[in-house]
Structures are given as C-alpha cells and as structure tokens.
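Notes to accompany the following structure.
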Protein chains: 2
Amino acid sequence: MKYAVIGTGGIGGYYGSRLAQNGQDVHFLLHSDYEFVKEHGLQIDSCAGSFHLDRPAVYRDVHDMPKCDVVLVCLKTVNNHLLESLLPPVVGDDTLVVLIQNGIGVEQDVQERFPGFQLAAGLAFICSAKAGPGRIDHQCYGYINFGDYSCRDPEALQRVADDFNAAGVQAGLVEYNEARWKKAVWNMPFNGMTVALGTQTDRLLRNPSTRNLIREQMLEVIGAARHLGVERIDEGFADHMITTTDAMTPYSPSMKLDFDHHRPMEIDYLYTRPLRIAREAGFAMPRLEMLEAELRFLERSRTA
Amino acid sequence: MKYAVIGTGGIGGYYGSRLAQNGQDVHFLLHSDYEFVKEHGLQIDSCAGSFHLDRPAVYRDVHDMPKCDVVLVCLKTVNNHLLESLLPPVVGDDTLVVLIQNGIGVEQDVQERFPGFQLAAGLAFICSAKAGPGRIDHQCYGYINFGDYSCRDPEALQRVADDFNAAGVQAGLVEYNEARWKKAVWNMPFNGMTVALGTQTDRLLRNPSTRNLIREQMLEVIGAARHLGVERIDEGFADHMITTTDAMTPYSPSMKLDFDHHRPMEIDYLYTRPLRIAREAGFAMPRLEMLEAELRFLERSRTA
C-alpha cells in the first residue's frame, strides 16, 4: 500500500519510518526540514531499536505527492485548517485518511469539509518527539489503536493495522467512540493539569489533593462518555488509568510540552469540543470546564 | 470601653489606631515590632487621612495586658492555635471577642475551645498592610461589618460599631451567617484564582473564560449559602460582586500576598471548612473543590 505522512514530526516521522523500513511505499510531507532530510535522510532514535532511512521519499509541496491508499495525518490539531489544501492532492476515490491526532470532534470537522472522504481515528500511545532536523526521539511506548469513522471498505483499516504490526508497531482495532473517549479519560485531566500547575504526572499523583482531583476529572469524562452511549467504560477505568500512570516515569503530556515551548495548545479539540458535545447532550463537566478556562487564561497571558 | 488588639498588622494596627486616635483605651499586642513601636509609636499612612500614635499602649506579653471589654482578634487564621494562650488573659466575664478574620467556621472552632466566651465576627472590607516596623499602609476602602455569634448582651456589638463609626471607620451590624457567606462569595473565587493563575483581580475579569469561571464559582458559594439557610442572597449578588470588582483597582487578595511572600495560606478556613460544611449538608461545590486541590498542591510544591 502507498502511504502518505502529512506532518513528519515525532508521531508521523516515527510511524512512517517504521513502515518504510519494513518496505512500505511511504511518502513524507516536510516543511522546514525538507532540505536536510532530502540530503541526510531520517534518523530514528528509538527505545524499540534505532535505525536510519537513507533516502525516504520526501516532499515539500503536497502537489508533487502521489495519490495514496492511506494518508496518515500527524499534524497538531491547531493546524487542521491546513487540511483544506493538504488533503485533496493525496486523496483518491478509495483513500483512507487516518487522523492520528488528539481530542474529540476531529473526524466530525474533517468529514464536514470533505463529505466523501473515508476517515478513521488513530489513537497513539507513544512518547516521541522531534529532537532536531531529520531526527526523531522515540522514548517509550508506541502502540496505536485505530477506530473506523467512515470507511466504506470494512477491511481497509485492518490492512493498515496489519502493516503497522508487520513493521513492529503494535496496532489494533477499537470501536471509534469508545477509543476517543477512553483516551480523553487520560488526556483531559493530565494535559491541562500539568500546564495549570506547572508540573508532571508523577507529582500530580503524589499529592493526595490533586490525585483525588485527577480522579474526579476522570470520572467526569467517564460520565460524559457513558451519557453519550459509550457502554464499555466504567469508574474502574479511572483507577486503571491512575495505576497505569503511577507506573510511568514522570511525564510531560503533549500540551505541557507545547506550553513550555511556546507553541499553541490544543485546547479546542482536547477541551472545548468534548465539553460542548457533553453539555449539549445534557452532561456537565464542571472541573474540566474550569480547567479549560484556566488554560484559556494562561494561553492569553502568555501571548499578551 | 477598653479594647485589646491581638495582632497589630495591617488590619488590627489600622482599626486599633483609629480607635485610639479617637480617645478609646486601646491595648496592642505586638510581637517582632514591640521594641520599635514602644520607642517610635505607630505611623498610619491612610487614604482616609494619615496620622501618628506617639505612645500607644503596647505589650509583648499578653499576661501584662488588662482584661478588656472588647478583644479584636486580627491574626491570620493560620495562627489561631495561638488563641488557646492569647485569649484567656484579656477576656473577662463580660468581654466580647470579635474575630476580624477571613473564612467560614472560625467562630465555631473558637467557641468549641472556649464555650463561655461571647463571640462576634468582624468582616473587614479594606486594603491595608504592614509596610514596615510600626508602619501601616492603608490603601483604600476600610468599612467593617459585625455579626453577632454568641453575645449575651445584644447591645454590646452595637456599642462597638458606634465606637468604630465615631472613630471615622464606617461600621454596621449584619446577620452573622449572611455576612460570613456573602464575604465568601468574593473571597473564595478571587483569593484562590489569583494564586492559581498568578494574577490579579482585573485580569481575571478581563479574560472572558475566567470571568465566566469566577461567576460560576460565586454561584457555587451562593448556592451553598442558600442551601444552608441564608435567605437574603441570590444570583444577582454574583453580578453585583463582579461589577464592584470591575470598578476596583487591580487587586491582589490577601491569599495572593501571603503566597507571594512565602507565608502560609489560609486554605483551611477559606476553602476546606466551607466546602466541608456545604458537602455535609448535601451541597457540592466542584469548581471550588478543584481550586482547593490546586492550592494544596501549590502550597506543598513551594515548601518541597
């Protein structure tokens, strides 16, 4: 299968390179690093085994790329307005567009702009970041779940998962809504709270007050998910997420890294959208609404 | 009447000096500034007119003080454990103890330790701080409301208010519970939020997200107050408090000043107690519970 990677950063650079290393036909869209990668290739420093791609197929203009069977969208959602121009050149009649992005409501918005596209969600559980031009630092984890949003061919997403697994990346299929909301159970508390209190996951969980608060926030997400019809989730999932995070090394979620590096935060899809979806369905999440307000304030303060 | 001032800081130093300036018999307890004030007196720099007390009656040991008719307790509540030893020497059979302190539950705790004492609450609306040894900086406002908690003589508190008014400090009598909870409507949102977001009142109100959050938090306090039987308060009071604060100069509440100066914060009486009282009565305040958790975290981080 022919793959396009839109956004060759920590996520797209890692997954795309794994697929290419395993012989898939992968086409990478690059921006500032195009010249460097064209000349020097891509270096993947990975806890799962480092490697180098000598001559990846790289592009600086999406119009030079071929139509692909699978498009992996690995941009930050704050850049999703670019999809208007970036997707059409690489998407053909049977193309599957996989949005490997954070948050809730992403597929809905892309589908609205492109009603005919076949969309799927990619839920990445990975610590990986761009460490420099053409250099990806994959620190830990790495598995990815796919959720079908609007695929016409029910087998297509399984073939993508098979390609990932063959390339050494653990991948599975999950029910779309359940997957997005389950990820939100972790994402919504930890992304915002590490920014609001200028800290990392471990310290939030060591302090009994914030440990309890994180759990209450998780219960808000779980309550919203159940209210919206996600059945395979209950309160025990909060405890499972907390125990899992206890076992992780001290961790700065993506929003904390964005904030620290003065990049825009993904407040829209991580907070505003899910909060609005839940509220419109009659379910309030007061603690996470408060967190959203704090993040909006901090974002504004920083740019002021 | 004979007055004792326990805690000669921004509040006690100002009100006590106004009373003394107007001829009342005021006895000040001092700690670190005793020697200085003994020699140089008290200088009050005040928006309502500056003045100097040449020879105030000052004490470093409460056992040297006389029994008084009125004891004004002007300590931060974080020091209320000291009342165990500070109150008995100055309190006689008919003494009225006025707790000019922040928060909810203060009178209950003091009454539990001293069942026979006559207690009242003092609600100070004032910006005043110690600017140096023997020097009080009274920046603005200044009025004080008194609420009867357990006075045996119903006239006693009125006489105190009369003394304050005669000394040029606007003072009135209010219903105890209503007064404490109304003050909490302002105190609970602004004290904690200025600490949590490292800002001042004006910027919280200029940002639409936090302006709305402040209002939601005020509605939580108003809801709790009504649930607890305070009748003369409704949602309009939140809008009134916000409009009032809009008209104030940019302001750092006392908890923000405490935090900035590495002093302990009054989290117990400003948050934990009212939250517990409301919760035990079946009323939840999720946003203010979250704020309490954030403050506990920040307090712990700072000392760690």
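Read-outs: derived from the displayed coordinates by stated rules, not from any lab. Nothing here was measured: the structure is a model prediction, and the numbers come from that model. Every residue, glycine as well, gets a Cβ built from its backbone with ideal geometry; the counts of neighbours run over all protein chains shown.
Among residues other than residue A:26 with Cβ under 13 Å from its Cβ, the summed charge is 0 (Lys and Arg +1, Asp and Glu -1). The charge dipole of the range A:178-303, taken about its Cα centre with unit charges on the Cβ of Lys, Arg, Asp and Glu (plus for the first two, minus for the last two), comes to roughly 180 debye. For the range A:72-106, the residues whose backbone nitrogen is under 14 Å from a point 7 Å from the Cα of residue A:153, taken along Cα to Cβ, are A:92-98. With a Förster radius of 51 Å applied to the beta-carbon distance between residue B:125 and residue A:226, the computed FRET efficiency rounds to 0.65. Using a simple spin-label model with pseudo-atoms 7 Å out from Cα toward Cβ, residue B:35 and residue B:260 lie 3.0 nm apart.
Here residue A:60 yields copy-to-copy label distances, from shortest upward, of 7.7 nm, the label point defined as 7 Å from Cα along Cα to C-beta. Neighbours of residue A:301, meaning other residues whose beta-carbon lies under 11 angstrom from its beta-carbon, give a summed charge of +3 when Lys and Arg score +1 and Asp and Glu score -1. A Gaussian network model of chain A, with springs between Cα atoms under 10 Å, assigns the largest mean-square fluctuation among A:32, A:17, A:252 to A:32.
Closest approach to the axis carrying B onto A, counted by Cβ on chain B and given in whole Å with its residue, is B:286, 2. The fewest-to-most ranking of A:67, A:2 by surrounding Cβ atoms within 10 Å reads A:67, A:2. For the range B:119-181, the pair-distance distribution built from all alpha carbon pairs, in bins 10 Å wide starting at 0, is 22, 44, 27, 7 percent. I'd like the distance separating the alpha-carbon centroids of the range B:15-82 and the range B:116-156, in whole Å. Computed from Cα coordinates, the inter-centre distance equals 13 Å. Among A:185, B:230, sorting on how many other beta-carbon atoms sit within 10 Å of each Cβ, with the fewest leading, yields B:230, A:185. Helix B:10-21 and the long axis of chain B differ in direction by around 40°, with both axes built from C-alpha atoms. Principal-axis analysis of the Cα atoms of chain B puts helix B:208-227 at an angle of about 70° to the longest axis.
Within the protein assembly as shown, the proportion of C-alpha pairs whose separation exceeds 50 Å stands at 28%. Nearest 10 degrees, 0 to 90: what angle lies between the long axis of helix A:236-246 and the longest principal axis of chain A (Cα atoms)? The helix A:236-246 is inclined about 70 degrees to chain A. Within the range A:158-251, the trypsin sites (Lys or Arg not before Pro) that combine a DSSP coil assignment with at most 14 other C-beta atoms in a 10 angstrom radius are A:232. Once a ≥ b ≥ c are taken as the square roots of the eigenvalues of the Cα gyration tensor of the range A:159-250, is the result rounded (a/c under 1.5), prolate (a/b larger than b/c) or oblate (a/b not larger than b/c)? Note, shape of the range A:159-250 comes out oblate. Taking B:48, B:121, B:238 in turn, the Gaussian network model of chain B (Cα-Cα springs below 10 Å) assigns the largest fluctuation to B:48. Among B:165-174, B:5-14, sorting by the average number of other beta carbon atoms lying within 10 angstrom of each residue, highest first, gives B:5-14, B:165-174. With label points set 7 Å from Cα along Cα→Cβ, the inter-copy distances at residue A:302 are 2.3 nm, sorted shortest first. Between copies, the label points of residue A:132, set 7 Å from Cα on the Cα→Cβ line, lie 5.5 nm apart, reported in increasing order to one decimal in nanometres. Counting charges near residue A:39 (Lys, Arg +1; Asp, Glu -1) among other residues having Cβ under 12 Å from its Cβ returns a value of -1.
The equivalent ellipsoid that matches the C-alpha gyration tensor of the range A:2-174 spans semi-axes of 23, 18, 15 angstrom, in descending order. Rg/Rh for chain B (Cα atoms only, Rh after Kirkwood) is 0.95. With a Förster radius of 25 Å applied to the C-beta separation of residue B:64 and residue B:141, the computed FRET efficiency comes to 0.15.
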